[in-house]
1. Going by what's in this entry, would residue 112 be described as within 16 Å of residue 171 (Cα to Cα) and either without any contact (Cβ under 8 Å) to a residue 12 or more places away in the chain or open to solvent by less than 10 Å² (accessible area, probe 1.4 Å) (or both)?
2. I'm trying to understand the selection: among the residues of the stretch 194-215, which are more than 21 Å from residue 253 (Cβ to Cβ) and open to solvent by 50 Å² or more (accessible area, probe 1.4 Å)?
3. Run down 208, 149, 178, 191 and say which single residue is of a type in the set (A, V, I, L, M), within 22 Å of residue 131 (Cβ to Cβ) and touching a Ser or Thr at 6+ places or on another chain (Cβ under 8 Å).
4. Can we say residue 94 is open to solvent by less than 10 Å² (accessible area, probe 1.4 Å), in contact (Cβ under 8 Å) with a residue 40 or more places away in the chain and touching a His at 6+ places or on another chain (Cβ under 8 Å)?
5. Answer yes or no as to whether residue 76 is charged (D, E, K, R), open to solvent by less than 30 Å² (accessible area, probe 1.4 Å) and either at pLDDT below 95 or closer than 25 Å to residue 337 by Cβ (or both).
6. Go through (1) more than 20 Å from residue 345 (Cα to Cα); (2) free of Cβ contacts under 8 Å to residues at least 12 places away in the same chain; (3) within 16 Å of the chain's Cα centre (by Cα) one by one and return the number of the condition residue 134 breaks.
7. Please verify whether residue 234 is in contact with a His (Cβ under 7 Å, 6 or more places away or on another chain) and among the hydrophobic types (A, V, I, L, M, F, W, C), treating the condition exactly as stated.
8. Taking residue 146 and the conditions (1) of a type in the set (A, V, I, L, M); (2) part of a helix (DSSP H, G or I); (3) open to solvent by 50 Å² or more (accessible area, probe 1.4 Å), which numbered condition does it fall short on, given that it satisfies the others?
Amino acid sequence: MATAARTSPAKAKADAKPDTQFRGTLEAPQPATLSKEQELSAYKHMLLIRRFEEKAGQLYGMGFIGGFCHLYIGQEAVVTGMKLGMREGDQMITAYRDHGHMLAMDMDPRGVMAELTGRRGGYSKGKGGSMHMFSKENKFYGGHGIVGAQVSLGTGLAFANKYRNDGSVCVTYFGDGAANQGQVYESFNMASLWKLPVVYVIENNRYAMGTSVTRSSAETVFSQRGVSFRIPGMQVDGMDVRAVKSASEYALEHARSGQGPIILEMQTYRYRGHSMSDPAKYRSKDEVQKMRSEHDPIEQVKNRMIEQGWASEEELKTIDKDVRDVVADSADFAQTDPEPDASELYTDILL
């Protein structure tokens, strides 16, 4: 009786045809053309994040907010543009520079600010603080204090989406500093193997916790970090909400259609230090001012609307006042809402 010839694993690998379709580096799509309503919506959302973070900085300086506090000032276009491309059911998870992401996911400013001051009305009942807030209802899964930890969790959320076959995508954010963490690459490997619906958004603000990427990273083109795992990536102007929206739509469709993970490197910039305790002496004031004057994401939208005749200076000032009123209300609530009862120390604990 004849036996079938066996092919050794080594020969099978040698005979395998290479996948010539894979393109590691993608070109970002052209910035979206936004309607008047879309420009106005983006302006309001980014302005809410900016004014909220400014107020949080004030409250921190006054002693109402304790612990760590990382502000998102300057990076508003990233989360706002990504949200414009998302659809109902899509999730978001990020690290500890997270207040802007919460507001972008339509979480109540009162609840966010109250959590910052450790009050009962906070999203984590006053027990999580700045870095640990969640809202299952709003599909926001944190807020994580351990550098890079959210990447594994976001990959897990994407696994659940695929398991349930619900068509949802998890948008997983991390920074240029976290991009060197080992668990990031373990997550990349699994996400690529299983074609998980996840968009990895690397918010490259150039300085991580205070060290320039050119001094801390051997590969500074972060969109290419997934190439060895066959994950495509693209660089995006993270200071232009239109560019982010286009990239968001492209990436979300890529992940949702079963093609697996994709990386978006958002080239952005934070105006403040890494946290409230960081004086940011590793860069010049001129550098920060140049970014503010030439690339500010909110000013870009404002100038376009004025040039198009879609809004006047007075109308935009009225919007700013309305936003400031919302933020002031959240700050008042966060300072007057009661602190958690001592019995809360023993709740929400898993043994």
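The values are calculated or read from the model by the stated rules, or taken from the named source; none is laboratory data. Keep in mind that this is a model prediction, so the values were computed, not measured. Cβ sites come from the backbone with ideal geometry, for glycine too, and all protein chains shown count toward neighbours. The protein model used for the area step is the full one, side chains on, heavy atoms only, and it has no ligands, DNA or RNA in it. Shrake-Rupley method; radii C 1.70, N 1.55, O 1.52, S 1.80 Å.
1. On the way: within 16 Å of residue 171 (Cα to Cα): no; either without any contact (Cβ under 8 Å) to a residue 12 or more places away in the chain or open to solvent by less than 10 Å² (accessible area, probe 1.4 Å) (or both): yes.
Criteria not met by residue 112.
2. Result: 206, 209, 211, 214, 215.
3. Every option except 208 fails the conditions.
4. Details: open to solvent by less than 10 Å² (accessible area, probe 1.4 Å): yes; in contact (Cβ under 8 Å) with a residue 40 or more places away in the chain: yes; touching a His at 6+ places or on another chain (Cβ under 8 Å): yes.
Answer is yes for this residue.
5. Details: charged (D, E, K, R): yes; open to solvent by less than 30 Å² (accessible area, probe 1.4 Å): yes; either at pLDDT below 95 or closer than 25 Å to residue 337 by Cβ (or both): no.
So residue 76 does not fit the description; no.
6. Condition not satisfied by residue 134: (1).
7. Values: in contact with a His (Cβ under 7 Å, 6 or more places away or on another chain): no; among the hydrophobic types (A, V, I, L, M, F, W, C): yes.
When the stated conditions are applied, residue 234 does not pass them.
8. (2)
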